[in-house]
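K.L.:
The structure is given below, and queries will be raised subsequently.
Any read-out appearing in this document is the output of simple, stated calculations on the displayed coordinates, not a laboratory observation. Everything quoted here is computed from the prediction, not taken from an experiment. Note: ideal-geometry Cβ built from the backbone for every residue, glycine included; neighbour counts use all protein chains shown.
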Amino acid sequence: MKGKNILDDALFEARPYVEYWDRLKELVEKLWEESTDEKNFIELINEEMERADEPFKTDLRIFLQKFAALISE
């Protein structure tokens with residue numbers, strides 16, 4: 001895994017666009033600790049998106065877009 005820096009960068013980039021920042025940050029950091037690699041982390045985020053209601057689902061989607069862009073660099 002590329003490390004927590006990429007997670008922090010994705011959170012930083014998503015922050016201006018999300019409604020529930022604290023909730024997103026807490027969940028994402030928890031899932032990061034549970035995940036085995038980036039692919040597993042993305043799977044965990046996707047599972048959370050399936051369970052989430054709007055507008056938090058959109059917050060997760062925004063974060064995931066930012067995260068995916070950073071890991072593909």
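K.L.:
May I ask you to list the residues in the stretch 49-70 that are under 12 Å from the mean Cα position of the chain (by Cα) and more than 16 Å from residue 18 (Cα to Cα)? Reasoning before the result, please.
P.N.:
Step one: of the stretch 49-70, the residues under 12 Å from the mean Cα position of the chain (by Cα) are 49, 56-70.
Across the stretch 49-70, the qualifying residues are 68, 69, 70.
K.L.:
While we're on this one: Please name all residue pairs, on different chains or six or more residues apart, with Cβ atoms under 6 Å, provided the first residue is in the stretch 30-44 and is within 16 Å of residue 8 (Cα to Cα) and the second residue is in a helix (DSSP H, G or I) and of a type in the set (Val, Ile, Thr).
P.N.:
Once the first residue is within 16 Å of residue 8 (Cα to Cα) and sits in the stretch 30-44, its partners that are in a helix (DSSP H, G or I) and of a type in the set (Val, Ile, Thr) give 38/71.
K.L.:
Tally up the residues in the stretch 45-63 that are surrounded by fewer than 18 Cβ atoms within 10 Å (Cβ to Cβ) and in contact (Cβ under 8 Å) with a residue 24 or more places away in the chain, please.
P.N.:
2
K.L.:
Can you pull out every residue in the stretch 31-42 that is assigned to a helix (DSSP H, G or I) and exposed (fewer than 12 other Cβ atoms within 10 Å of the Cβ)?
P.N.:
Going through the stretch 31-42, the residues assigned to a helix (DSSP H, G or I) turn out to be 31-34, 38-42.
Residues satisfying the conditions are 33, 34, 39.
K.L.:
Condition check: under 11 Å from the mean Cα position of the chain (by Cα), farther than 14 Å from residue 61 by Cβ and buried (at least 18 other Cβ atoms within 10 Å of the Cβ). Does residue 27 satisfy that?
P.N.:
On the way: under 11 Å from the mean Cα position of the chain (by Cα): yes; farther than 14 Å from residue 61 by Cβ: no; buried (at least 18 other Cβ atoms within 10 Å of the Cβ): yes.
So residue 27 does not fit the description; no.
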